[in-house]
Amino acid sequence: MGRKQHRHGSVHSGRVQKPSISDSINTDDVIQASQAVATKVAYSTYTTGKRGWLEWTAAQGCSSTGLDEHAAKRVAEYMYYRTDAFTLMGSTASQLLAAVAQYYTSNTSCGESEWPVVAPTGGATSTSGNPVNSSMVKKARDAHKKALVRAGNASSDSVDVIEPVHIRTFFSMYLSGRDLGACDPCGVMLHATLLMGMSLMLRFNELAALHTDHLGRGEVNLTFSIPTGTKNFFQKKYYSLTPWPTTVKLDPRLDPLLAFCTWMRLRGRTPGFIFCLVKEVGGRVRFYEKEPMSGDALVALMRKFYQPCGVLDAMELATHSAKRSGVQLYEALHQTPSWIMEKGGWTDPASFMRYRALCNRPEQRFAMTRPESW
């Protein structure tokens, strides 16, 4: 019998089926389908999730898709609300505004252009474009940046990296000389996520999406089958968790394979998210394998655990820190840019260079090449 035909856009044997000439194509769906899974989860949180755009507009008694002259003002007010009165970092504001902009684009015909409000004398007021792309929202973003500066929380242009000396200090403080059952499970999980993020060059919110279904075994090493769309700018589907090149692989404190296996031994073999939610209930630690530990929660753990480990500023560590640390560590170990791009699955050089570029904070320059970094 012939193979059953699939609808356009479906995937079979790693290939996307081409649409026929008579198929209707939704461009919004095509664009959104290319986004990373982690991005989609973040956007849904800011629109349909708790404290999201839909919940907020309903509480305010206004339309979530309204395009009247007050639409931009509502977006700016939601940004103030969702950033907890401008106290959360700029990356949160960027994500929530991108989510609201996409929501408007998908549910109205406003498009993505600038937002002018035309109010002629004696005539009706008219609007066009996307309210997120308005002067009102731009002013709100400027006010947010000024508020962060006043509070001493302004972020640098590049997130900080974790240096090998910090990982060794972490290991000594939280893991060394202890039975596995006596270790803080969150510390064991953080050690695995950080070293895996560095080795595979993945962000924390990408690691949070990993499921036991994605785990496989190669001829020598463990492999992870990353679902299509989990990473931005990638073609490579399978990622191999391997020891570090050179003699660094001899240090068990920096071994990503050992850290991962230690975490899985503690977590157990129950199917579900690899980095699952961990809670203490009735004095006992419980693992909720059906619920992932969010990227934000992993970042919060990293900041908490690494604060006393000698990092320059724990608040400058973020979801990209592990990925950026991995790129720069591989380069410090004399791996070529083309080798690093191949291992990390990059096809876009510009995206790769943002992780390779030196931090513009003077104290973080050449972080992996100084003797004190080791």
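The values are calculated or read from the model by the stated rules, or taken from the named source; none is laboratory data. Small disclaimer: the values here were computed from a predicted structure and weren't measured. All Cβ positions, even for glycine, are placed from backbone atoms using ideal geometry, and neighbour counts span all protein chains on display.
With the condition kept exactly as written, say whether any residue in the range 56-63 is assigned by TED's automatic domain parsing to the domain that holds residue 106, of a type in the set (A, V, I, L, M, F, W, C) and modelled with pLDDT under 90. First the steps, then the outcome.
If we filter the range 56-63 for residues that are assigned by TED's automatic domain parsing to the domain that holds residue 106, which is where we start, we get 56-63.
Applying the additional criterion that residues be of a type in the set (A, V, I, L, M, F, W, C) yields 56, 58-59, 62.
Keeping just the survivors that are modelled with pLDDT under 90 gives none.
Scanning the range 56-63, I find no residue that is assigned by TED's automatic domain parsing to the domain that holds residue 106, of a type in the set (A, V, I, L, M, F, W, C) and modelled with pLDDT under 90, so the answer is no.
Starting from residues that are surrounded by 18 or more Cβ atoms within 10 Å (Cβ to Cβ) and among the aromatic types (Phe, Trp, Tyr), keep the ones in the range 64-100 and report whichever is modelled with the highest pLDDT.
Of the range 64-100, the ones surrounded by 18 or more Cβ atoms within 10 Å (Cβ to Cβ) are 64, 67, 71-72, 74-76, 78-79, 82-83, 86, 92-93, 96-97, 99-100.
So of that shortlist, the ones also among the aromatic types (Phe, Trp, Tyr) come out as 78, 86.
Numbers: 78: 95, 86: 88.
That would be 78.
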Specify the residue that is modelled with the lowest pLDDT; the eligible residues are those in the range 232-246 that are assigned to a loop (DSSP other than H, G, I, E, B) and either outside the structural domain of residue 199 (by TED's automatic domain parsing) or hydrophobic (A, V, I, L, M, F, W, C) (or both). 233
Of the conditions (1) buried (at least 20 other Cβ atoms within 10 Å of the Cβ); (2) modelled with pLDDT under 95; (3) assigned to a helix (DSSP H, G or I); (4) not charged (D, E, K, R), residue 209 satisfies every one except a single condition; which number is it? (3)
Check residue 319 against each of (1) more than 27 Å from residue 212 (Cβ to Cβ); (2) modelled with pLDDT under 85; (3) touching a helix residue (DSSP H, G or I) at 6+ places or on another chain (Cβ under 9 Å); (4) assigned to a loop (DSSP other than H, G, I, E, B) and name the one condition it does not meet. (1)
Taking the options 268, 272, 283, name whichever one is in contact (Cβ under 8 Å) with a residue 24 or more places away in the chain and not hydroxyl-bearing (Ser, Thr, Tyr). 272
Is it true that residue 327 is surrounded by 13 or more Cβ atoms within 10 Å (Cβ to Cβ) and not in a helix (DSSP H, G or I)? no
Taking the range 272-316 as the region of interest, how many residues are over 14 Å from residue 162 (Cβ atoms), modelled with pLDDT under 90 and touching a helix residue (DSSP H, G or I) at 6+ places or on another chain (Cβ under 6 Å)? 2
Check the range 299-311 and report whether any residue there is within 20 Å of the chain's Cα centre (by Cα), surrounded by 17 or more Cβ atoms within 10 Å (Cβ to Cβ) and more than 16 Å from residue 170 (Cβ to Cβ). no
